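Step one of this worksheet: look at the structure below.
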Amino acid sequence: MTTLRNLPVWLALSSAALFIGPALPAADPLPAARAIAPGPFAPSWESLVENYQCPEWFRDAKLGIWAHWGAQCVPEEGDWYARNLYMQGHKQYAAHLQAYGHPADTGFMEIYHQWKAERWEPDQLMDLYVQAGAKYFVAMATHEDNFDAYNSRYHDWNSVKVGPKRDIIGTWAEAARSRGLRFGVSNHSSHTWHWYQTAYGYDAEGPRAGERYDAYRLKKSDGAGRWWEGLDPQDLYGKPSIVIPDGITTAEAAREWHDVNDLPWTEDPPPNQPEFADNWFFRVQDLIDQYDPDFLYLDNTELPLGQAGLDLAAHFYNANIARHGGKLDGVLTAKGLSKAHRPGVTQDYERSVSNGGIQPLPFETGTCIGQWHYKKDIEYKTVGQVVRMLVDVVSKNGTLLLSIPQRGDGTIDERERSFLHDLAAWTKVNGEGIFGSRPWLTFGEGPTQVPRGRAADAVIPYTQEDIRFTTKDGFLYAFVLHPPDSPVVIHSLGLAAEFGRRVTRISLVGSDEPVRWRQSDESLNIEAPSAEASENVISFKLTLQ
């Protein structure tokens, strides 16, 4: 009988949601050498740049929803919990100590065991995301915490064997595709080898000073008769490579040591673990081959781990072509791309936007309404804040990927449900000028400067003078980024302006309210609509001569 495991790696078929009993085989040994799917892409930047073109489905999509969900959502303490619980003096260390005990006794591997996803209803959630306007859906496959949320071939620490005992990625894929959404996955684990080294540390002060945490203390043999029998903790935490030395006597000094020595964000392979890059490559290749994602998010600057990242990119593109009738239909994103490499991979801006004009190549902005991992009692972004970012991104040739945090049990809270309901109401009306649109001759106008970097993810004080443009089916859409209380003045559409053309008709999208306007050489002036029509961002539909 032919099974997934004895097919060639790059020909493995997409899997549905799997519910596999306890008698699971151990992870396969890694192949002797990397093999990539045959096709036009070679594993080099030159080949990626020469052959890649972003598919039209991604340019049309404009809005995706991201489930950045895993065991780090169980404590409801926010991002990087699996790293920070091992840093004495950090607020997440204190929260862990209170809820679970000392990290020498109860480390993060025990939280994977507690992650049951017992109230997860993926079909119900997907319906909410579709109603909100999402055209693609992305699920986190592996975070820096090194746990695979799928039926991983090369890694025993996965959601089929531990925790939920379910194929999280396979289940998400089925729910998304059955609703006509494109499906994507994200991988963040190329940084595990340095990110997780805090688990080998110790309390620098207090009653248990000097006592090493669980990653240092536990061996595979210690699991005999316990829930993790047969599993090796070092396969989860990453082998010790940058271990804090003995003799540090204050928590502050220990945190500073980690900040300097194991936190720097390098894309290089670990110098003392030559097998790490292969392990990363084969696990992500397995993810691609099993689930055939349309979209692959890599949490990296350029590509990770030297040649392994280039091999993975070429494999993803070639495998996608083979499965889509000879046409490249996949999107791969990364951050911080150089101008020379930018054409070979789609640029992702994490919690930020392009602060220039229209980008010549499509890009993505990824953000979250709260923290990436669920945090209780946090203040979420408002719908107004998100749609302003969406409109700005789309006007500049981009797409917005929006994370909606989930609790460990799989649910979202009522504030998030309310947010999605209000977002759905906005996209139902104003999505006409968003989905399937393209940038116009200029992205927009207005006095408000979009700040650089992550400050763009904060509340930006837009005014009614801040306008963004899109075009679709021969119409021009003008979005006003603040509810107007006086005439809207658009200088770009003055008859004597650089992009000026005569306007013959204007309507307020989603409203039968008559629109009064006049056009001069200097500007187009549109009377403000009624207050009822002016909540959040409004859009006008213009016919140009």
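A few points about this structure:
- When each of LYS165/LYS219; LYS116/LYS375; LYS62/LYS335 is checked by Cα-Cα distance, pairs over 20 Å: LYS165/LYS219
- On the basis of the beta-carbon distance and an R0 of 35 Å, LYS165 and GLU211 show a calculated FRET efficiency of 0.60.
- Stretchable slack from ARG415 to LEU495, in nm (0.36 nm times residue separation minus alpha-carbon distance): 24.2 nm
- With the cut-off at under 15 Å, measuring from each backbone N in region 126-163 to a point 7 Å along the Cα-to-Cβ line of GLU275 picks out 154-157.
- For the chain, the solvent-accessible area with a 1.4 angstrom probe is 39 square angstrom per residue.
- Carbon and sulfur %, accessible surface of region 476-545 computed with the full protein complex present, 1.4 Å: 43 percent
- Shown here for region 311-359: chymotrypsin sites (Phe, Trp or Tyr not before Pro) in loop regions (DSSP other than H, G, I, E, B) with at most 10 other Cβ atoms within 10 Å, of which there are none.
- Between the Cα long axis of helix 122-132 and the first principal axis of the chain there is an angle of about 20°, rounded to the nearest 10.
- With all protein chains in place and ligands, DNA and RNA left out, the 1.4 Å accessible area ranks THR399, THR448 as THR448, THR399, largest first.
- Here the accessible area of region 252-341 is 54 percent carbon and sulfur, with a 1.4 angstrom probe and all protein chains present.
- Under 5 Å between amide hydrogens, built in the peptide plane, is the criterion, and for ALA27 it picks out ASP156 among residues at least 5 positions away or on other chains.
- Distant-in-sequence amide H partners of CYS368 (H built 1.01 Å from N, under 5 Å): SER403
- Whole-Å semi-axes of the ellipsoid equivalent to the chain (Cα gyration tensor, √5λ, descending): 44, 26, 21
- When PHE363, PHE475 are compared by accessible area of protein heavy atoms, the largest-first order is PHE475, PHE363, using a 1.4 Å probe.
- Contact order normalised by residue count of region 60-169, Cα under 8 Å, 6+ apart, percent: 31 percent
- Based on C-alpha pairs under 8 angstrom that are at least 6 apart in sequence, region 346-467 has a relative contact order of 31 percent.
- Here the peptides 202-214, 496-508 are ranked by packing, the mean other Cβ count within 10 Å, and the order with the highest first is 202-214, 496-508.
- Tilt relative to the chain, helix 307-323 - C-alpha long axis, 0 to 90 degrees, to 10: 60 degrees
- A cut-off under 14 angstrom between Cβ atoms defines the neighbours of SER418, and their net charge, with Lys, Arg +1 and Asp, Glu -1, is -2.
- Accessible surface ranking for TRP440, TRP69, 1.4 angstrom probe, highest first: TRP440, TRP69.
- Segment LYS376-SER178, extension gain: residue separation times 0.36 nm, minus the distance between their alpha carbons: 68.1 nm
- For the chain, averaging the sequence separation of C-alpha pairs within contact (under 8 Å, six or more residues apart) and dividing by the residue count gives a relative contact order of 18 percent.
- Folded to 0 to 90 degrees: helix 414-430 orientation relative to the chain principal axis, Cα: 40 degrees
The values are calculated or read from the model by the stated rules, or taken from the named source; none is laboratory data. The structure displayed is predicted, hence computed values, not measured ones. Quick reminder, even Gly has a Cβ in these numbers, built from the backbone with ideal geometry, and neighbours come from all protein chains shown. When the accessible area is computed, the model is the full protein with side chains, heavy atoms only, and any ligands, DNA or RNA have been set aside. Shrake-Rupley method; radii C 1.70, N 1.55, O 1.52, S 1.80 Å.
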